[in-house]
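Visitor: Please see the structure below; I have some questions.
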Amino acid sequence: MKEIYERSKRGAKQLERDVRIGTVLYTVVDVAQNYAPWEDAQLYSRCVVTFRSRVTGNLMISGSMSVIGLALREGPVYTEKPKGLRNLAKPGRQVSGPLPDGYEGVLDEAELKGLEKRVRNGSDPRKRRRLGGWRV
């Protein structure tokens, strides 16, 4: 079995001939950095060949996409997990987290005044409208 199947009709047909039910396939997904700048530029997606369609006879993944469709839409398709990439289904890297023991955050005078102003200008619970319908 080949390691990489190209995004072409020839590559899709070759993939259909080579894979069997239970085979794990991988595709690389490009992430739009203008929408998700905190995310990795590329991730991999994992697909498992689950059954053969009764209607078309094609091998299928996840119930609705054939292996040929996967190769033509998402290709290239890999039989080995791409190295150095994170799985699309796994959580992203943690940018911030719990502070270590003994950490002291120092607030300067401007930050304290800003926090006090936010408290003063906050909503008064006695003047809020009641939750629920439109009736008063």
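Visitor: For the stretch 17-44, which residues satisfy the criterion of being crowded, with 16+ Cβ neighbours inside 10 Å and either without any contact (Cβ under 8 Å) to a residue 12 or more places away in the chain or within 22 Å of residue 59 (Cα to Cα) (or both)?
Guide: Result: 19, 23, 25, 26, 27, 28, 44.
Visitor: Another question about this same structure. Check 41, 32, 71 and return the single one that is more than 14 Å from the chain's Cα centre (by Cα) and either of a type in the set (A, V, I, L, M) or more than 22 Å from residue 2 (Cβ to Cβ) (or both).
Guide: Of the residues listed, the single one that is more than 14 Å from the chain's Cα centre (by Cα) and either of a type in the set (A, V, I, L, M) or more than 22 Å from residue 2 (Cβ to Cβ) (or both) is 71.
Visitor: Here's a check for you: in the stretch 51-102, which residue that is loosely packed, with under 10 Cβ neighbours inside 10 Å and among the hydrophobic types (A, V, I, L, M, F, W, C) is nearest to residue 16 (Cα to Cα)?
Guide: Among those residues, the one meeting the criterion is 55.
Visitor: Which residue, of 87, 121, is at pLDDT 70 or above and over 30 Å from residue 47 (Cβ atoms)?
Guide: None of the others qualify; the one that does is 121.
Visitor: Also: Considering each of 56, 79, 50 in turn, give the residue that is farther than 18 Å from residue 6 by Cβ, more than 20 Å from the chain's Cα centre (by Cα), of a type in the set (S, T, N, Q) and at pLDDT 90 or above.
Guide: On inspection, the qualifying residue turns out to be 50.
The values are calculated or read from the model by the stated rules, or taken from the named source; none is laboratory data. A quick note: this is a predicted structure, and the numbers were derived from the prediction, not measured. Every residue, glycine as well, gets a Cβ built from its backbone with ideal geometry; the counts of neighbours run over all protein chains shown.
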